[in-house]
Amino acid sequence: MSVLLLAACWVMITLGTLLGLRFMRSAMRSRDVLEWLMASFFLGGVTLGFGLLLLVASVPDAPAEIHLLWRTISFGAMQAPAVSIALFTWLVFRPADGWARWLAMALVFTIALHALGVLSPAILGVGTLRQDATMPFYWLGSAVRAACFVWACGESLRYFGLSRRRCALGLVDPLVTNRFLLWAIWSGSATVVLALRVSSRVWIDPASPDPALVQALIISQLVAGVACFGAVWLTFAPPALYRRLVGGPQPA
């Protein structure tokens with residue numbers, strides 16, 4: 001990985017960490033479970049998940065045991081975004097629906113089962129951490145995590161359609177309507193990042209990786225990450241210019 005691309009990755013991780021810390025600070029004041037879920041999404045998936053993977057790439061000469069430890073913690077932390085978004089979707093969009101509660105619990109349980117199956121050999125010291133496309137657990141985990149993001153995206157688009165019709169009648173604030181669209185963009189971008197990570201496992205041969213393909217996949221993930229972070233920022237802290245463009249009320 002080039003120095004410039006490595007620096008860009010660290011910038012993205014820093015932005016994600018700052019977002020996570022912002023949500024954590026707000027959650028500590030409000031004790032709102034939804035803000036805790038958002039904090040875990042960014043601090044778990046971005047800061048620890050991608051951050052430790054990038055640390056492996058940044059310090060290639062570290063002992064193999066250290067690399068294994070970093071990758072093990074990274075894999076565990078990367079389960080946080082899917083768990084967070086599954087619970088968030090249930091609590092925000094379907095809090096009164098029993099089937100949504102059971103779906104969220106089933107998704108979380110399956111993610112935990114998948115993680116346990118992958119991490120157990122490394123934790124018990126009887127094997128190494130394996131995350132290749134030949135393992136059934138890999139495809140199970142990828143499918144379930146994707147289902148979490150797709151569910152969130154679908155619910156957001158559904159609410160956006162409903163809110164848009166009400167907005168045309170003057171019953172809903174345009175800024176609120178726009179937030180549903182931003183939420184769909186955010187969850188959709190996260191789905192793209194996951195799909196690109198799965199693609200890298202399938203398309204890249206670890207024994208002889210194609211540098212051009214590796215860089216293309218990393219850049220694609222960075223672009224999707226920018227869309228994800230931008231949508232979250234505009235959802236929770238839209239600047240005055242964006243409020244004017246959307247047509248929402250200006251802050252006092």
Report summary line: Averaged per residue, the 1.4 Å probe accessible area of region 16-117, protein heavy atoms only, in Å², is roughly 49
Query raised in the report: What is the calculated FRET efficiency for A106 to V3, with r their C-beta to C-beta distance and R₀ = 41 Å, to the nearest 0.05?
Result: 0.40
Query raised in the report: Mean Kyte-Doolittle of at least 0.0 and a Cα length of 27 Å or more along the axis: which whole DSSP H helices of the chain meet both?
Result: 3-30, 98-124, 136-168, 174-203, 211-236
Query raised in the report: Percent relative contact order of the chain, based on C-alpha pairs within less than 8 angstrom and at least six residues apart?
Result: 16
Requested in this report: Quote to one decimal, in nm, the extra length available between V226 and R244 on full extension: 0.36 nm per residue of separation minus the C-alpha distance between them.
Outcome: 4.2 nm
Query raised in the report: When the accessible area of the chain is split by element with a 1.4 Å probe, what percent falls to carbon and sulfur?
Result: 71
Report task. With runs of 4+ DSSP H residues as the only contributors, calculate the mean residue ellipticity of the chain at 222 nm using -39,500 (n - 2.57) per run, divided by the residue total and rounded to the nearest 500. Result -> -26500 deg cm²/dmol
Query raised in the report: So, counting K/R as plus one and D/E as minus one, what does the shell of residues with Cβ under 14 Å around V193 add up to?
Result: +3
Query - Extension reserve of the V202-L91 stretch, reckoned as 0.36 nm per residue once the Cα distance is removed - result: 36.5 nm
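The values are calculated or read from the model by the stated rules, or taken from the named source; none is laboratory data. Keep in mind that this is a model prediction, so the values were computed, not measured. Positions of Cβ are generated from backbone atoms using ideal geometry, with glycine treated the same way; all protein chains shown enter the neighbour counts. Keep in mind that these areas ignore ligands, DNA and RNA; they rest on the heavy atoms of the full protein, side chains included. Shrake-Rupley method; radii C 1.70, N 1.55, O 1.52, S 1.80 Å.
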